[in-house]
Amino acid sequence: MARITLRQLLDHAAEHDYGVPAFNINNMEQVIAILEAARKADAPVIMQASRGARSYAGDTMLVRMVDAAEALYPEIPICLHQDHGNDETTCFSAIQQGFTSVMMDGSLEADAKTPASYEYNVDITRNVTAMAHRVGVSVEGELGCLGSLETGEGDAEDGHGFEGALDREMLLTDPVQASEFVAETKVDALAVAIGTSHGAYKFTRPPTGDILAMDVIEAIHERLPGTHIVMHGSSSVPQELQDIFNRYGGEMPQTYGVPVDQIERGIKSGVRKVNIDTDCRLAMTGVMRKVAQENKSEFDPRKFLKPALDAMKDLCLDRFDRFGTAGNASKIKVIPLAEMASRYSSGALDPRIARDEAA
Ligand SMILES: [Zn+2]
């Protein structure tokens, strides 16, 4: 099966009221874990690579692993997405490598640290969208800076994200500005800031509405019914995974993630892509710790990596089930990039904005 675009996949998800987890990939075990789960669940897949992943594995290795996945799991539509592109070069080099979707994160400047102005964000995102759509590739934009409403701090992980204090205003996406942004940039999907942050340490207590602003998603969806909303930093950091990690010598302070039921609530209000990285990491490393403690003489990496793969597969399966992704792979017929490109140029995929429809 050809590689699917984010736009086609999320349009299908919107039509059939489900969400799609976007799992980060860095190595072979993660790719296999995702695809094994997808095969079992009949779920379409978004695999995303950050700049960190592209430099860790190298573009050639990363892309060939996805090629291999396509050959081995031909029944699964696979979207390969650039996570947090920091500038045009990152996005266009991803497209050159065969990514079918890119995120242009213009909420931060190209250093991936300094919060950018709204004008900067519109300009750079519009440029990327105009070029990407010419070749049928999808674009995710971001409005508002990801960070904690609990501490007022931005988040930084893997060299990406703002460090230090931000105004509450910058930590929450403004629904009115969101519709202007989508109209001006024509992004296919919009990452929103609602109090989620990257990494394991999202909340110091189970999140309530003051620190996890799900109502902002509902307000954005009302204005932008045709735009797919993306939740970043949406690992749930399940207690049982923290417990395994700590039981076998880990020292992870108690933390709380985004509860799966809150994600399910988001899916009812236009959330179509849910980014999950920490949960996969934690599932894998918890099991690796267990093997290391229980079999102190073990030195074959496969004895660590195979159970780690299985733990990640279980996590992926659970999310495919809970988000309603399961059962949909076989219903999708992939539209080639050239056809997507001609749909963009005809205006058929232009954003729908509630304000305009009311006028
Ligand atoms: Zn993110």
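The values are calculated or read from the model by the stated rules, or taken from the named source; none is laboratory data. If you're wondering where the values come from, they're calculated on a predicted model, not measured in any experiment. We place every Cβ from the backbone using ideal geometry, glycine too, and count neighbours over all the protein chains shown. The protein model used for the area step is the full one, side chains on, heavy atoms only, and it has no ligands, DNA or RNA in it. Shrake-Rupley method; radii C 1.70, N 1.55, O 1.52, S 1.80 Å.
Inter-label distance, E264 to A165: 3.9 nm, where each label sits 7 Å from its Cα along the C-beta direction.
Treating r as the C-beta distance of R223 and E298 and R0 as 45 Å, the FRET efficiency rounds to 0.25. Here the scattering of the range 53-158 is modelled by Debye summation over its C-alpha atoms, one equal scatterer each and no solvent; at q = 0.11, 0.22 Å⁻¹ the log10 of I(q)/I(0) is -0.40, -1.15.
Ranked from largest, the principal axis spans of the Cα set of the range 1-122 equal 44, 35, 20 Å. From the alpha carbon centroid of the range 254-269 to that of the range 302-326 is 18 Å. Taking each residue as 0.36 nm, the span from R134 to Q254 lengthens on full extension beyond its C-alpha to C-alpha distance by 38.5 nm. Here the range 90-175 exposes an accessible surface that is 50 percent carbon and sulfur, computed with a 1.4 Å probe and the other protein chains kept in place.
In the frame of its principal axes, the range 223-359 has Cα extents of 68, 33, 23 Å, reported largest first. In this structure, the amide hydrogen of V20, modeled 1.01 Å from its nitrogen in the peptide plane, lies closer than 5 angstrom to those of K273, V274, counting only residues at least 5 positions away or on a different chain. Computed extension gain for S55 through K333, at 0.36 nm per residue and net of the alpha carbon distance, reaches 96.8 nm. Computed per residue of the chain from DSSP H runs no shorter than four, each worth -39500 (n - 2.57), the mean residue ellipticity at 222 nm is -14000 deg cm²/dmol. Once the gyration tensor of the Cα atoms in the range 5-51 is diagonalised, the equivalent ellipsoid follows with semi-axes of 21, 14, 7 Å, ordered largest first. Under a 5 Å amide H cut-off, with hydrogens placed 1.01 Å from N, A191 pairs with G141, E142, L143, V230 among residues at least 5 apart or on other chains. When both the range 28-71 and the range 180-235 are represented by their alpha-carbon centers, they are found 25 Å apart. Surface composition of the range 260-359: carbon and sulfur make up 53 percent of the accessible area, probe 1.4 Å. With 5 Å bins beginning at zero, the pair-distance distribution over Cα atoms of the range 224-270 amounts to 5, 19, 21, 17, 13, 10, 7, 5, 2, 1 %.
Taking 7 Å steps out from each Cα toward its Cβ at D321 and T89 produces label points 4.6 nm apart. Could you tell me what a quarter of the Cα convex hull surface of the range 162-290 works out to, in nm² with one decimal place? Projected over every direction and averaged, the Cα hull of the range 162-290 covers 8.4 nm².
Hey, which of these cross-link pairs are over 27 Å Cα-Cα: K186/K333; K113/K202; K290/K313; K306/K331; K113/K186? Over 27 Å Cα-Cα: K306/K331.
Summed over the residues of the chain and divided among them, the accessible surface reaches 40 Å² per residue at a probe radius of 1.4 Å. Need one number: the % of Cα-Cα pairs in the chain sitting beyond the 26 Å mark. That tail contains 46 percent of the Cα-Cα pairs. Kirkwood radius, the range 260-319, all distinct C-alpha pairs, inverse of mean reciprocal distance: 13.1 Å.
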